[in-house]
Amino acid sequence: MASEAASEATPHPQFEPKIVAFVCNWCTYTGADLAGTSRLQMAPNVRVVRLPCTGRIDPLFITKAFEGGADGVIVSGCHPADCHYTAGNYHARRRFAIFRDLLDFMGVDVRRTTFSWVSASEGGKWRDVVNDTTERVRKLGPFAEYQGLSDPLPGVRRRAASGDQVGTPPARGTP
Amino acid sequence: MNELRELARKLLGDGAVKVVIGYEEGPRGVRPVMITDPAQAERLVFDARCVHNLAAYLNPRRPHLTRLGKPAVVVKGCDARAIAGLIRESQLEREDVVVIAMRCGGVVREPTMKPELGPETVSPRCGRCASREPKLFDHLLGVLPPAPPMPAGDDPVARLEQMSVAERWAFWREELSRCVRCHACRAVCPMCFCSTCVADKSRPQWVETSPTPRANLSWQMTRVMHMAGRCVGCGECTRACPSDIPLGLVLAHVARHVERRFGYQVGDDPSVPAPIGAFKTDDSQEFIL
């Protein structure tokens with residue numbers, strides 16, 4: 001019932017968002033594995049990228065995911081004090097506190113990002129993170145702004161389009 | 001100024017340093033100069049046109065300068081923060097440099113301008129300066145001038161912060177569409193010291209090299225992330241930018257965010273750890289599920 005109501009409210013009911021999840025090997029990946037072996041039902045929109053630790057996740061990974069066509073990003077790792085490498089998640093917490101704010105300042109809707117702590121025993125929490133993020137991003141629609149960033153701005157004509165041949169590189173394969 | 005020339009002459013004459021990095025009168029305003037001969041110390045000047053951050057010459061990316069021998073550097077408060085940053089991050093030994101700190105009453109926007117400070121000519125970064133009298137120095141010269149006259153009016157960073165997300169996106173898209181990826185912002189930065197920049201890596205290529213808004217956004221976000229909690233606010237990237245992109249706005253916003261969140265301000269004490277690279281177990285995490 002709840003999902004029907006949500007699909008009526010959403011402006012992009014047919015849209016299947018692409019979501020990339022950067023997860024740590026020791027907690028969230030294992031938790032996601034548990035969710036799978038427990039046969040929990042969750043949205044198939046999330047592609048998981050396994051990394052040793054959330055401390056390994058460079059903010060560039062997120063930028064790169066958006067560039068590559070992701071509509072949303074999940075970053076998830078061990079709860080504080082549970083890090084396999086003692087402090088990787090504490091470092092990541094500071095870094096993402098800054099990066100999330102930077103994304104917001106640059107005009108990226110931070111509702112497209114989810115940061116969470118999911119332990120190896122929290123298969124149910126992982127399912128909720130996946131489902132909530134998928135529904136949230138589905139409502140926001142495709143991240144066309146980011147993917148279309150490299151299109152020319154209206155009113156800006158590229159040299160080739162204006163008919164000026166100066167500086168046009170030779171066709172590939174010509175000697 | 002005579003005080004500065006006298007000191008430079010003495011340091012070079014005694015052999016305490018091999019080179020004094022300072023400012024001289026050039027054909028178009030003030031420019032950086034490296035003095036190795038005590039007789040040339042007369043060339044040194046210091047006034048409100050000395051906008052360059054000379055700490056950039058101590059950066060380990062420029063080994064050709066340190067090969068001259070031990071340097072003395074003429075610094076303002078903002079440049080002293082950069083030297084403190086390099087020491088904090090083990091890129092420079094404190095005893096390898098003689099810091100000649102100048103009490104500073106603010107600088108003008110461009111070194112080619114007249115050395116007269118007014119609300120229209122003063123560099124916007126000088127308004128929030130907390131180190132007009134540097135605390136990191138071997139020699140502290142000059143008398144503390146009055147605080148610079150800042151233009152009345154709104155704060156561009158706060159104005160951007162109050163915009164909607166979509167408005168900010170449009171603003172940065174427009175600004176970043178002008179970036180030609182000359183990397184002058186990186187070259188001029190005293191705190192950018194990696195021998196190989198992530199933006200130059202091609203296997204894998206993390207940051208696209210062509211100057212499209214998408215690649216430019218990625219480049220600037222990467223640069224700003226690397227500057228978080230480290231940027232000394234010297235404004236050199238904004239000044240060096242040939243496309244006049246207001247890079248300082250992002251850096252200022254992140255600096256304010258870091259201050260609000262971690263209570264950290266970039267200062268000139270190298271023993272205070274930077275917020276990135278340190279942590280507290282009870283850092284707030286309201287954004288994490």
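The values are calculated or read from the model by the stated rules, or taken from the named source; none is laboratory data. Here the structure is a predicted model, which means the values were calculated and not measured. Neighbour counts are summed over all protein chains in view; Cβ atoms, including those assigned to glycine, are modelled from backbone coordinates with ideal geometry.
Can you run down the residue pairs with Cβ atoms below 9 Å, 6 or more apart or on separate chains, where the first is in the stretch B:187-203 and within 14 Å of chain A (Cβ to nearest Cβ) and assigned to a loop (DSSP other than H, G, I, E, B) and the partner is surrounded by 11 or more Cβ atoms within 10 Å (Cβ to Cβ) and not aliphatic (A, V, I, L, M)? What qualifies is B:C194/B:R61; B:C194/B:H226; B:C197/B:H183; B:C197/B:R186. Within the stretch B:24-79, the set of residues being part of a strand (DSSP E or B) and acidic (D, E) comprises B:E24, B:E25. When you check B:A215 against the structure, is it assigned to a helix (DSSP H, G or I), without any contact (Cβ under 8 Å) to a residue 24 or more places away in the chain and aliphatic (A, V, I, L, M), yes or no? Answer is no for this residue. Residues that are within 11 Å of chain B (Cβ to nearest Cβ), closer than 23 Å to B:H226 by Cα and modelled with pLDDT under 95 do not occur anywhere in the stretch A:40-53. Scanning the stretch B:224-244 for residues that are assigned to a helix (DSSP H, G or I), touching a Leu at 6+ places or on another chain (Cβ under 8 Å) and within 14 Å of chain A (Cβ to nearest Cβ) gives B:V224, B:M225, B:M227.
Summed over the stretch B:156-184, the residues that are more than 14 Å from chain A (Cβ to nearest Cβ) and under 30 Å from B:R103 (Cα atoms) give a count of 1. Evaluating B:T112 against the criteria (1) touching a Pro at 6+ places or on another chain (Cβ under 9 Å); (2) not in a helix (DSSP H, G or I) leaves one unmet condition, (1). Residue-level analysis places A:T37 among those that are β-branched (V, I, T), modelled with pLDDT of 90 or more and more than 18 Å from the chain's Cα centre (by Cα).
Are any residues in the stretch B:188-236 under 16 Å from A:G68 (Cα atoms) and among the charged types (D, E, K, R), and if so, which ones? The answer is B:E208, B:R214.
Only one entry of B:E116, B:E93 meets the criterion of being among the acidic types (D, E), modelled with pLDDT of 90 or more and out of contact with any strand residue (DSSP E or B) (no Cβ under 7 Å at 6 or more places or on another chain), and that entry is B:E93.
Quick one: which residue in B:R62, B:R43, B:R49, B:R67 is without any contact (Cβ under 8 Å) to a residue 24 or more places away in the chain, touching a strand residue (DSSP E or B) at 6+ places or on another chain (Cβ under 6 Å) and of a type outside the set (V, I, T)?
So the residue among B:R62, B:R43, B:R49, B:R67 that is without any contact (Cβ under 8 Å) to a residue 24 or more places away in the chain, touching a strand residue (DSSP E or B) at 6+ places or on another chain (Cβ under 6 Å) and of a type outside the set (V, I, T) is B:R43.
Can you find a residue that is closer than 26 Å to B:R109 by Cα, at pLDDT below 95 and more than 19 Å from the chain's Cα centre (by Cα) anywhere in the stretch B:50-69? Within the stretch B:50-69, none of the residues are closer than 26 Å to B:R109 by Cα, at pLDDT below 95 and more than 19 Å from the chain's Cα centre (by Cα).
May I ask you to list the residues in the stretch B:192-208 that are touching a helix residue (DSSP H, G or I) at 6+ places or on another chain (Cβ under 7 Å) and either farther than 18 Å from B:G267 by Cα or surrounded by 22 or more Cβ atoms within 10 Å (Cβ to Cβ) (or both)?
If the condition is that a residue be touching a helix residue (DSSP H, G or I) at 6+ places or on another chain (Cβ under 7 Å) and either farther than 18 Å from B:G267 by Cα or surrounded by 22 or more Cβ atoms within 10 Å (Cβ to Cβ) (or both), then B:C197, B:V198, B:A199, B:W206, B:V207, B:E208 are the ones that fit.
In the set B:V188, B:V157, only one residue is in contact with a helix residue (DSSP H, G or I) (Cβ under 6 Å, 6 or more places away or on another chain) and more than 22 Å from A:L103 (Cα to Cα); that residue is B:V188. Apart from one condition, B:T209 fits all of (1) under 24 Å from B:C129 (Cα atoms); (2) modelled with pLDDT under 90; the exception is (1). Flag: A:G69 matches the condition of being at pLDDT below 95 and out of contact with any Cys (no Cβ under 9 Å at 6 or more places or on another chain). Restricting attention to the stretch B:245-289 and to residues that are touching a Cys at 6+ places or on another chain (Cβ under 8 Å) and part of a helix (DSSP H, G or I), the residue that is nearest to the other protein chains (Cβ to nearest Cβ) turns out to be B:V254.
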